[in-house]
1. Using the alpha carbon gyration tensor of the range 60-203, what are the three equivalent-ellipsoid semi-axes (square root of 5 times each eigenvalue), largest first, in whole Å?
2. Under the Kirkwood approximation applied to all pairs of distinct alpha-carbon atoms, what is the hydrodynamic radius of the range 214-269 in Å?
3. Note down the magnitude of the dipole of the range 156-251 about its Cα centre, charges +1 on Lys and Arg C-beta and -1 on Asp and Glu C-beta and zero elsewhere, to the nearest 20 debye.
4. Tell me the volume per residue, in Å³, of the convex hull enclosing the alpha carbons of the chain.
5. Determine the distance separating the Cα centre of the range 92-167 from the Cα centre of the range 227-304; give it in Å without decimals.
6. What does the charge dipole of the chain about its Cα centre add up to, to the nearest 20 debye, if the Cβ of each Lys and Arg holds +1 and the Cβ of each Asp and Glu holds -1?
7. For the range 116-159, state the average projected area of the convex hull of the C-alpha atoms over all orientations, rounded to one decimal in nm².
8. Out of the DSSP beta bridges found with both residues in the chain, what percent are antiparallel (nearest 5)?
Amino acid sequence: MTGTVAGAERAADRRRTRGRRGRRGALVGCGVVLAVPAALLVVRLTGLDAGTPLAVPMVLFPYAAVLAVLTLSVMVAVPALRSRWAVAFAALLVAAHVALLLPRFVPDGREIPADVHELRVATLNTEGGGVDPGAVVELVRTERIDVLAVEQTPSGGLDALDRAGLDELMPYRELHPEYDSSIYSRRPLSHAGTTRLDTAWPQTTAEVAIGGRTVRLVAVHTYYPLGDARRWTRDMTALTALARNAGPDTVFLGDFNATLDHTPMRRLLAAGLTDTHAELGRGGARTWPVGHSLVPPVIPLDHVLHGSGIAATSVHERTLPGTDHRAVVAGLALLPGGGRAR
């Protein structure tokens with residue numbers, strides 16, 4: 001009898017030991033998973049992504065927040081994982097991510113007078129002119145676009161757009177296929193040309209008059225972090241310097257190769273610009289990549305930014321065949337007393 005009791009106790013000890021080891025292993029696993037959002041949070045808070053390869057994983061910051069929430073949920077739901085310190089760390093991590101991400105999902109609620117002038121703009125990276133030109137013309141027609149910025153569009157792509165009828169809808173243009181961005185407009189353009197900035201290639205600019213005001217346009221296409229993070233950061237820094245002196249009636253639109261979590265993008269916004277998606281509570285909109293059946297768009301690289309004399313009334317995305325970027329379409333209202341009269 002004594003031997004039987006002793007054997008049962010040893011078996012119970014082994015089960016408890018295995019249970020403790022299993023619990024420790026599970027907690028270690030949770031810690032490994034939480035290391036991803038924790039590391040990205042450190043990069044986000046310190047700005048270590050500027051000019052470094054860390055800019056590439058920073059595009060996953062919102063997804064890391066989801067990962068942190070799921071891990072915390074598992075830890076709370078499974079009694080064996082309810083370590084006080086582990087749960088507290090996960091909860092703190094989730095709270096930090098939510099605090100950083102939530103503002104872009106909350107509309108600013110600004111009241112816009114009904115009689116203001118509105119400018120409807122769109123931006124599209126055509127992927128080397130591969131976009132269906134007829135689809136672009138249909139986009140301009142159905143969305144009543146006043147200004148269209150196109151990026152990564154060679155001369156052949158621009159010619160194809162005109163053959164499809166864009167020249168009739170938008171007879172005014174500042175085209176620079178050699179520099180990677182161009183501007184089309186229903187309205188006459190003035191002071192058009194390219195920037196002299198420290199960017200990988202010049203950015204195309206122009207001005208358009210509406211309602212007695214002059215809106216400055218900058219068609220943006222930056223270098224990409226995966227290719228050269230330092231070159232991309234210099235591009236964004238140059239745009240930031242331009243934004244500081246651009247005035248309240250300014251629109252930067254295009255392919256920034258940046259998300260709202262990148263330090264250079266946040267610095268650009270701090271120079272006096274507002275992201276239309278975040279302004280209207282649509283900070284989760286994603287524009288790249290498209291055209292791949294197995295991979296949905298996961299990253300917001302394309303943006304419409306505007307100065308303080310303007311407010312967004314609408315923003316949405318359109319998928320056009322032949323390009324891996326979604327078009328961004330935005331309605332912009334010129335606020336009373338907000339700009340430069342000409």
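1. Working: eigenvalues 433, 78, 50 Å².
Each semi-axis is √(5λ); the values are 47, 20, 16 Å.
2. On the way: mean 1/r = 0.0867 Å⁻¹.
Value: 11.5 Å, from the Cα pair sum.
3. My answer is approximately 380 debye.
4. Hull volume over Cα atoms, normalised by residue count, gives 157 Å³.
5. 12
6. 2300
7. Its Cα hull, projected and averaged over all orientations, spans 3.1 nm².
8. 80
Since every read-out is calculated from the coordinates, none of them should be taken as a lab result. Bear in mind that the values here come from a model prediction, so they are computed numbers and not experimental data. Heads up, the Cβs are rebuilt from the backbone with ideal geometry, glycines too, and the neighbour counts pull from every protein chain shown.
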